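Notes for the one structure printed next.
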Amino acid sequence: MNITGRKERAARKLLAKIKKKYKKENGEFISIEEFCSYTGLKEEKVAPFLL
């Protein structure tokens, strides 16, 4: 299941935008906090998708 409802290509673009905002280099991960802050989703809703 996909939390954003986006296809893979759109999800990769979203990830690139988040990395750019937080000045992450290639190979660096984004945190749950950064993802939630950018998307407006709550951490409680995101956490089950990471298991």
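For segment 17-28, a residue qualifies if it is modelled with pLDDT of 95 or more and on the phi < 0 side of the Ramachandran plot, and the qualifying residues are Lys17, Ile18, Lys19, Lys20, Lys21, Tyr22, Lys24, Glu28. Residue count for segment 16-28 under the criterion of being within 10 Å of the chain's Cα centre (by Cα) and either among the charged types (D, E, K, R) or closer than 10 Å to Tyr38 by Cα (or both): the result is 3.
Is there a residue being outside any helix (DSSP H, G or I), surrounded by 10 or more Cβ atoms within 10 Å (Cβ to Cβ) and hydroxyl-bearing (Ser, Thr, Tyr) anywhere in segment 4-21? Yes, there is a match, as at least one residue in segment 4-21 is outside any helix (DSSP H, G or I), surrounded by 10 or more Cβ atoms within 10 Å (Cβ to Cβ) and hydroxyl-bearing (Ser, Thr, Tyr).
Of the set (1) of a type outside the set (Gly, Ala, Ser); (2) loosely packed, with under 10 Cβ neighbours inside 10 Å; (3) assigned to a helix (DSSP H, G or I), all apply to Phe49 but (2). If you check Ser37 against the conditions, is it free of Cβ contacts under 8 Å to residues at least 24 places away in the same chain, on the phi < 0 side of the Ramachandran plot and surrounded by 14 or more Cβ atoms within 10 Å (Cβ to Cβ)? Taking the combined requirement at face value, the residue satisfies it.
Selection of segment 22-34 for residues being surrounded by 12 or more Cβ atoms within 10 Å (Cβ to Cβ) and assigned to a helix (DSSP H, G or I) yields Ile32, Glu34.
The values are calculated or read from the model by the stated rules, or taken from the named source; none is laboratory data. None of these values were measured; they are calculated from a predicted model. Positions of Cβ are generated from backbone atoms using ideal geometry, with glycine treated the same way; all protein chains shown enter the neighbour counts.
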